[in-house]
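Beneath this line is the structure, given in structure tokens, with notes to follow.
Throughout, read-outs are computed from the coordinates displayed, never taken from laboratory work. This one's a predicted model, so the numbers in the text were calculated from it and none came from an experiment. A quick note on method: Cβ atoms are made from the backbone with ideal geometry, for glycine too, and the neighbour counts reach across all protein chains shown.
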Amino acid sequence: MFKVEAVYPHDPGAFTQGLEFYNGKLYEGTGEPGQSRLRITDIKTGQVEKNYLIPDSSVVGEGITIFKNKIYQLTWQSNKIFVYNLDDIMHPISTLKWGREGWGATHDDKNIIISDGSSHLYFVQPDEKNKDMKIDKILTVADNMGEVDSLNEIELIGGYIYANRWLTDNIVKIDTSTGYVVGEMNLTGLLQQYDPGVKVSGDAVLNGIAYDSTTKNLYITGKDWPKMFEMKLN
């Protein structure tokens, strides 16, 4: 169960691929060719404070995570991960190879965790020397009906991975020790409830989970959604 604590404005032109809350700021990665960005926004106003546009228009930006004072930004089918210093998102410092599609990203104390749209989650370590990602383990996600695929934006919270499922309004809760789905949030109609009459495209689905470890609240949005939701899990 969850409770909506607050509703904030969100850029309706931001095709949200990755979301991260860190030190009071919201970091967001957006996608679409020629519109893939890394940005920092004020969560309460939605105002963009810093905005970096990936110059290669063929690259589609995907999930992001902040790991050991660096920001890692996945790309969809370009087999690249862009690395930024936390204090300067305007100048990537490195590009790492990734041999699969990039969808969502989060991390634990040891690894970056990547989804690729399948039922697998990849626990990997950046290898700066070889400009590559070293896979530590692969976790297969399943429920009592079988493997659960279309895992997209992800966030590690309290030892569990919360994952958007592409083209749905559902977030699944995954046990990281077994890969088993132990819970699910159905957020169908959330945007329409707080923004009656809003019109979004078919691709503008729920996507974006950030966690504030201080308040223990979630920030939830979707692709091209005009709203951001602060939620408390019960």
Where labels lie 7 Å past Cα in the beta-carbon direction, separation of K131 and E147 in nm: 3.2
Other-chain or far-sequence residues with amide H under 5 Å of V205's (modelled H): K223
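As a test of the formula, what do you get for the chain when each DSSP H run with n ≥ 4 contributes -39,500 (n - 2.57) and the sum is divided by the residue count, at 222 nm and rounded to the nearest 500 deg cm²/dmol?
Working: 1 runs with 5 residues, N = 234.
-500 deg cm²/dmol, from helical runs alone.
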The stretch 184-228 residues near the modelled N51 label - backbone nitrogen below 19 Å, point 7 Å along Cα→Cβ: 222-228
Among 38-45, 201-208, the order from most to least packed when residues are scored by Cβ within 10 Å on average: 201-208, 38-45
GNM result for the chain, Cα springs below 10 Å: residue of G29, G117, G158 fluctuating most strongly: G158
Distance in nm between pseudo-label sites at K97 and D195 (7 Å out along the Cβ direction from Cα): 4.1
Neighbourhood net charge (14 Å Cβ-Cβ; Lys/Arg +1, Asp/Glu -1) for T65: -4
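Excluding D132 itself, what net charge comes from residues whose Cβ is under 15 Å from its Cβ, given Lys and Arg +1 and Asp and Glu -1?
Details: positive: K80, K97, R100, K129, K131, K134; negative: D127, E128, D136.
After counting each charged neighbour, the total is +3.
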Residue of L156, L53, L218 that the Gaussian network model of the chain assigns the largest fluctuation, springs spanning Cα pairs under 10 Å: L53
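Could you tell me which of the pairs K131/K227; K25/K134; K70/K216; K110/K232 are separated by over 31 angstrom between their Cα atoms in the structure shown?
Working: K131/K227 37 Å; K25/K134 29 Å; K70/K216 23 Å; K110/K232 27 Å.
Where the Cα-Cα span goes over 31 Å, the pairs concerned are K131/K227.
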Amide proton proximity set for A6, modelled H, under 5 Å, gap of 5+: E230
D175 paired with E5, simple spin-label distance in nm, labels 7 Å along Cα-to-beta-carbon: 2.8
